[in-house]
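Only one structure is covered here, and it is reproduced in the block below.
The values are calculated or read from the model by the stated rules, or taken from the named source; none is laboratory data. For clarity, every value in this text was computed on a predicted model and none was experimentally measured. Cβ atoms come from the backbone with ideal geometry, glycine included; neighbour counts cover every protein chain shown. Heavy atoms of the whole protein, side chains included, go into the accessibility calculation; ligands, DNA and RNA do not. Shrake-Rupley method; radii C 1.70, N 1.55, O 1.52, S 1.80 Å.
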Amino acid sequence: MGTAAHARVPDARRRRLPRPHIPDRVRYLPWRFIVPAAFAVLAIIAAVPPLREATANAATRTILFAARPFAPNVAGFDRLPQTTKVLAADGTVLATLDDGQKREPLQLKALPDHVPHAVLAAEDEHFYEHGGIDLTAVVRATIRNVQGDRQGGSTITQQLAKLNYTGSQRTFLRKFREVLYADQLERKYSKDELLQRYLNQVYLGDGAYGFAAAADSYFGVPPDKLSAAQAATLAGMIRSPERLDPRTHPAAVTARRNDVLKNMVRNRWLTKSAGAAAMAEPLTVVPPHGGQNAMKAPHFVRYVQREAMTLDALGGSTESRGKELFTGGYTIKTTLDPKAFDAAAAAAQAQLGAPNDPTEAVVSVIPGDGGIRNLFAGLDPNRKFDVATQGRRQPGSAFKPFVYLAAIEAGIDPRSTLDGSSPRTFDYKGSSFTVSNYDEGHGGGQMSIDDALVESVNTVYMDLALHVGPENVVRTAEKAGIPSGIRPLPAVALGGVSKGVSPLEMAAAYATFAAKGVYATPYAIASITDRDGRTIYTHTPQTRQAFDEREVGNLNRPLQDVVRRGTGQAAAIGRPLAGKTGTTQNWTNGWFVGYTPQLATAVWVGHPDGDVPMTSVHGRHVTGGSFPAQIFSATMRVALQGVKATPIPTADPESLSLQPLTPPPPPSVPTSLAPTTTVPPDATTTTSSVPEPTTTTVPPSPTTTVAPAPTTTAPSGPPNRSGT
């Protein structure tokens, strides 16, 4: 009875939970012996290279066969790399971007055997045996990567797929696409054709793409004259061409070269004696040949390159974009106006072309669009540091329009009057500091905010900035396009900008005034076409309404008077023009920034390597109204030839709900009791800043100078009264 009941329980469970049908002949196999035996077979396969490779190849073919329905198109692979042309807006060629070498495609059959063997030893020793994917290499690389040893698992065919089709993003999808492309390449091309293409395309540092360019760049020989040691050196660099540069890291390059040579011996591609001789050969490279082909507007072309590296149309990663830029055969049409560039260069040469003269930067931007029509960064084309876009300096009184706009936004009528006498002492958060104008007769008495801008009266604009609040001045500057991060200290009223500004940033910000308050992000690339003439990129202006057009219309009135009767008269061009001068303490930076409705231009004059006083340049002090204004005038006259003169939009205070400045001014300290530190006119100090609550006698602002690396300067000596 008990036995029967016990037998019925399993039957009931089987009815409730039916098991999958397994044939009895499979169910009752001796699995306790089969499983260990299977693991033993797999271990033998893994341990015996012929079996391991055969199994891996079989698995690879199975995977690729299953993925064949997803096979991509590899059309266009036959075309070798081509140079890219950079064109000006009028279609003239500014530069060709390549490795600086003649592109003579090498033929595999013309090379000594040790050249391709070195590449195989370094990158893919089983290249002629696998079908494009080497699973054993992938597994080996995975294990070594887990152990902390970086090693790639890609075959040469996979690398070709990455270089030509997929880019270098580290994603599973990209890797899967790489495998599919590799399979298609293996099916369509022979192994020799693939290896030859790889030798012609792989990047080897120093701007050299392919073994022909690299052999000449590093050893001064054609590729068929490379020794075994030289071939192994180049092959070893493929893994990391920048880190394994023989000119800067010879020890690491030699060690890597010797590893490649040892692998060549192990694969019997070199005899032991030949390998030993090659490893004993000293590493000797020739000096660099120099940069790219000769180009016009070199700093602008380098800016174009930097901009191109951000465009997805050229690839999904910086690495792939760089490769495409130099080898894709593109035509890049830019915004540069060659006649404006030539005019800026001629003006700079005429005004400041003598030895030891300061450097000039001239940048022009189209208002409401952002296109960079001119970018001149000095007469030295070999200077890599671009003072026009990378040089960040104090703008002096060229920053005062942002104070004016901040006051308008605060509802202050610009016809309000303030005390323009000099010197004046101000108090901010318990600290006192003194501000002076250009000279004691400059300004004086009550004067309107408009007139104080025309005459660049420091004391009025410091007073106004304290009424408005330095934080609101900074916010207004940022709305106009000045990058964020400026410390909101009183010194911003006179251009004491903690981070400095570049000529490009100032030109784009003033272009906002010309465009009825519309800010446009600057750009240099208008369009890109590929080697087949297809347009793959067209720039769309990126704009935003930064200010009410009536607000900038009010600002445009006094800025026109700066040129008519104020500090910027030397900038006049015979048509409606608005602008502002700027000069920093000790005459270390001179600015003129101005605009018409069609073009805004910033001119900076100074020394690119730091704040150097310009107190005797051709017999005079450099102020914003001197050389910068004169260079501005000469450049803009040419740049606007053939362009119809149109009025600059203006507005009256009555168009806005503005009120006279009625609140009492910030507390001031009698001059006789104040510290003696002064702030020169149209200038900023270059020591530590006021506006720290615990500071009592320091001048109003820090200065940050970037050229070519950021440095903070604090010159000694008495403060000057640099001109406006």
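Points worth noting:
- Distance between region 210-238 and region 185-206 - C-alpha centres, whole angstrom: 16 Å
- Neighbour cut-off at most 13 other Cβ (10 Å), DSSP loop, GluC sites (Glu not before Pro), region 368-472: E440
- Gyration tensor verdict on region 343-446 (Cα atoms; rounded if a/c is under 1.5, prolate if a/b is larger than b/c, oblate otherwise): prolate
- Fraction of accessible area attributable to carbon and sulfur, region 450-543 (%, probe 1.4 Å): 46 percent
- E654 sits with roughly 120 Å² accessible to a 1.4 Å probe, with DNA, RNA and ligands left out of the calculation.
- Exposure of V253 as accessible area (Å², to 10), given a probe of 1.4 Å and all protein chains: 0 Å²
- Accessible surface computed residue by residue for region 171-310, with neighbouring protein chains in place and a 1.4 Å probe, gives 45 Å² per residue.
- Between region 255-280 and region 578-652, the Cα center-to-center distance that results, in Å: 63 Å
- For Y537, nonlocal amide neighbours, meaning residues 5 or more places apart or on other chains whose placed amide H falls under 5 Å from its own, are I528.
- With all protein chains modelled, accessible area of V563 [1.4 Å, Å²]: 10 Å²
- Figure note: E360, E324, E125 ranked by solvent-accessible area, largest first, 1.4 Å probe, ligands and nucleic acids not counted: E125, E324, E360.
- A full extension of the chain between E478 and R187 corresponds to an added length of 99.1 nm, given 0.36 nm per residue minus the alpha carbon distance.
- Residues A354 and H126, FRET efficiency given R0 of 51 Å [Cβ-Cβ distance, rounded to 0.05]: 0.20
- Share of carbon and sulfur in the accessible heavy-atom surface of region 254-413 [1.4 Å probe, %]: 52 percent
- Accessible area of region 315-407 divided out per residue, in Å², using a probe of 1.4 angstrom: 28 Å²
- Cut-off under 5 Å, modelled amide H: who pairs with Q82 long-range: G328, G329
- Applying the Karplus relation 6.51 cos²θ - 1.76 cosθ + 1.60 with θ = phi - 60° to region 550-564 yields 3J(HN,Hα) values of 6, 5, 6, x, 5, 5, 5, 4, x, 5, 5, 5, 4, 7, 5 Hz, where x marks Gly and Pro.
- Note on R620/T248: beta-carbon distance plugged into 1/(1 + (r/R0)^6) with R0 of 41 Å gives a FRET efficiency of 0.35.
- Per residue accessible area of region 439-510, 1.4 Å probe, in Å²: 24 Å²
- Cross-link table K175/K333; K296/K339; K339/K644, entries beyond 22 Å C-alpha to C-alpha: K175/K333
- Ranked by the mean number of other Cβ atoms within 10 Å of their residues, highest first, the peptides 307-319, 501-513 come out as 501-513, 307-319.
- Note, ³J(HN,Hα) from phi for region 457-473, Karplus 6.51, -1.76, 1.60, rounded to Hz, x at Gly and Pro: 8, 5, 5, 5, 6, 5, 4, 5, 5, 6, 5, 6, x, x, 5, 6, 5
- Given charges at beta-carbon only (K, R positive; D, E negative), |dipole| of region 308-347 in Debye: 60 debye
- Shape call, region 294-415: gyration tensor on alpha carbons, a/c limit 1.5: oblate
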